[in-house]
Amino acid sequence: MDLARLVRGRRMTRRFRPDTVVPDDIVLDLLDLAGRAPSAGFSQGWEYVVLRAPHERELFWAAATPPAAAAAGDDWLAGVRAAPVLVLAYADEPAYRARYAEPDKARPGADPSDQDWPVPYWLTDTAMGVMLLLLGAREAGLDALFFGVPGSQHGAVSKALGVPDGLALVGVIALGHEEQRVGGSARTRPRRTVEQFTHWGAFGAPRA
């Protein structure tokens, strides 16, 4: 599949078939794609935690689900819990700060502990890896969903999975096959056209 068709055909799946098996070699291929994302200073400050076994996924869901959502029997939650593979994407901020303290990156006379990062590229770069993984899943014939974990549950998830301090959970990719098409925001909100979000020469200026 060519890139344009791949990108335009990608969508999020919110209800997975529970009987799907996703082979490890496909997961590894997808993670290899994610690992080829660009990164500032070639820091490569990302880590991925793969959950395949039912008890691993249940450990995640128990830690990630706020008590109120669990008690309410959330329909979205029921559909996504059936995904046979979860991939948690973590960003490693200390890896970037350490990389930019090295001689070829450090600014003369600057304190390595006081680096200016107006954009947290550890998050940006990890997110680019996630996008590559999502596109790879589409090419491999898999359905996927990228979703976030409530901020109140980040600590519980990391603790449950033994994730070291200093790593930030960017989000989770669910992999499998779609059981039923469930509409999301893309079905109720129009996609912005390229003319609406493109500015030529200055903000708000059309193409001459």
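The values are calculated or read from the model by the stated rules, or taken from the named source; none is laboratory data. Remember, it's a predicted structure, so these values are computed and weren't measured experimentally. Methodologically, a virtual Cβ is constructed for each residue, glycine included, from the backbone with ideal geometry; neighbour enumeration extends over all protein chains shown. To get the accessible areas, we keep the full protein, side chains included, count just its heavy atoms, and leave off ligands, DNA and RNA. Shrake-Rupley method; radii C 1.70, N 1.55, O 1.52, S 1.80 Å.
Odds and ends about this structure:
- Residue within segment 118-134 that is among the charged types (D, E, K, R), surrounded by 14 or more Cβ atoms within 10 Å (Cβ to Cβ) and assigned to a helix (DSSP H, G or I) present: yes
- Of the residues in segment 63-77, at least one is crowded, with 17+ Cβ neighbours inside 10 Å and under 25 Å from Glu93 (Cα atoms).
- Flag if Leu175 is part of a helix (DSSP H, G or I) and at pLDDT 95 or above: no
- Positions within segment 150-172 being closer than 21 Å to Pro94 by Cβ and either hydroxyl-bearing (Ser, Thr, Tyr) or in contact with a Leu (Cβ under 9 Å, 6 or more places away or on another chain) (or both), in sequence order: His154, Val157, Ser158, Leu161, Val163, Ala168, Leu169, Val170, Gly171
- Counting only residues that are within 15 Å of Ile26 (Cα to Cα) and outside any helix (DSSP H, G or I), segment 135-155 holds 5 of them.
- For segment 148-159, the set of residues classified as surrounded by fewer than 16 Cβ atoms within 10 Å (Cβ to Cβ) and in contact (Cβ under 8 Å) with a residue 24 or more places away in the chain consists of Gly148, Pro150, Ser152, Lys159, listed by residue number.
- Considering the conditions (1) at pLDDT 95 or above; (2) within 17 Å of the chain's Cα centre (by Cα); (3) open to solvent by less than 60 Å² (accessible area, probe 1.4 Å), Val80 is excluded by exactly one of them, (1).
- Selection from segment 186-208 of residues that are open to solvent by less than 100 Å² (accessible area, probe 1.4 Å) and assigned to a loop (DSSP other than H, G, I, E, B): Thr193, Thr198, His199, Gly201, Ala202, Gly204, Ala205
- Set Val49, Val22, Val27: member being part of a loop (DSSP other than H, G, I, E, B), of a type outside the set (Asp, Glu) and under 19 Å from Leu132 (Cβ atoms): Val22
- Filter pass, Gly109 being at pLDDT below 95, part of a loop (DSSP other than H, G, I, E, B) and at positive phi: yes
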